[in-house]
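To start, the structure under review is shown below, and the notes come after it.
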Ligand code: EPU
């Protein structure tokens, strides 16, 4: 059922006040189809956990749909691995916890990422050396124009760093309904990301289990990243920029401690949080919003900020970083201007 003039504040982790002129929720593909036949409207904004959006305009004119398709099922059980199917409306962290409970390995490094299962392939979520594309098998999505369900393989999703085909050429055309993951039955842990090993050592664990790695990740994330239930935020607001060697060399001449990671074709990935920190913005506030004090990549709403205020702050930061380093930061969060 489509309702009118619904506040979206409870549905975005930034806690921004915005109104959906038309709003509906669905918990099955059939309910979604019914909503779509009820309206000629094909301009749609799908919300999952609302953890990667910033509403800048006060009123959202697209039809806002809340995806609440639930479900967790082992659909293939092999000698070494399983394929798990999850409803797109499942909460990502709860999905990770269910996998760990069953002893399945592959998503533990992605513990505590806010958002829904359906949003995870959309932006190829990643943390601590793992990206969703490493465990992603396929997904099903409803084509909004025709109402047909299409299947997308890993390759067809065209995953990149915080990117997929659904953020680019198929943007706004599909509703992801079901996601399938191939997970290992035996631990095949990835603790290459330095902070995890350090955290495990602090916990006194030499031979970690899948659960131990998840606990280490939860502990690292909780120590650096604000809990959206307490402070409004959408995780990393910007992407880590990838720059040419020459740009990196120029920065390294001035700052010999600049964090850098090899990227494709000899390019270098820089840490946006570090760049922002050098401009002096880390921990700065403008009254009721600002830059998080422990991780400069995260913009925060302490309560009552408007989307426009947060957006203008992000523009100011982009300009500062550009002026200091000649690097243009790109926003990672989906902005509704
Ligand atoms: N750094 C600073 N100052 C800061 C923040 C970071 O100097 O305020 C430095 C750190 O010291 C480190 C480097 O920057 O040398 C990288 O920092 P960190 O390991 O915290 O990771 P990140 O690159 O800032 C990315 C992801 C996070 C993910 C972490 C861990 C992006 C945009 N962000 O952050 O993802 O949790 O790595 O893997 O790629 C998200 O996407 O919402 C998110 C939180």
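None of the figures in this text is laboratory data; all of them are computed from the coordinates on show. Predicted model only: the values in this text are computed from it and were never measured. With ideal geometry, Cβ positions are generated from the backbone for all residues, glycine too; neighbour counts draw on all protein chains shown.
Observations
- GNM flexibility winner over the chain from 253, 295, 178 (Cα, springs under 10 Å): 253
- In the range 3-67, the convex hull through the Cα atoms has an average projected area of 4.1 nm², a quarter of its surface area.
- Measuring nothing but how far apart in sequence close Cα pairs (under 8 Å, 6+ apart) lie, relative to its length, the chain scores a relative contact order of 17 percent.
- 11 Å reach of a label modelled at residue 250, 7 Å along Cα-to-Cβ, counting backbone N of the range 298-331: 323-328
- Inter-part distance where the range 10-86 and the range 199-244 are each reduced to a Cα centre, Å: 26 Å
- Between the range 156-191 and the range 95-135, the alpha-carbon center distance in angstrom: 10 Å
- In the chain, the DSSP-assigned H stretches of four residues or longer account for a calculated mean residue ellipticity at 222 nm of -7500 deg cm²/dmol, using -39500 (n - 2.57) per stretch and the full residue count as denominator.
- Per residue, the convex hull spanned by the alpha carbons of the range 31-177 comes to 120 Å³.
- Where only alpha carbons of the range 98-214 are counted, the Rg and the Dmax (Å): 16.0, 55
- Using the Stokes-Einstein relation with a Kirkwood hydrodynamic radius computed over Cα pairs, the translational diffusion coefficient of the chain at 25 °C and a viscosity of 0.890 mPa s comes to 117 µm²/s.
- Antiparallel DSSP beta bridges within the chain, percent to nearest 5: 75 percent
- Note on the chain: with a GNM built from Cα contacts shorter than 10 Å, the maximum mean-square fluctuation among 255, 302, 289 falls on 255.
- Residue with peak Gaussian network fluctuation, the chain [Cα springs, cutoff 10 Å], from 100, 205, 231: 205
- Whole-Å semi-axes of the ellipsoid equivalent to the range 221-316 (Cα gyration tensor, √5λ, descending): 28, 13, 12
- Fully extended contour minus Cα-Cα distance, from residue 319 to residue 155, at 0.36 nm per residue: 55.5 nm
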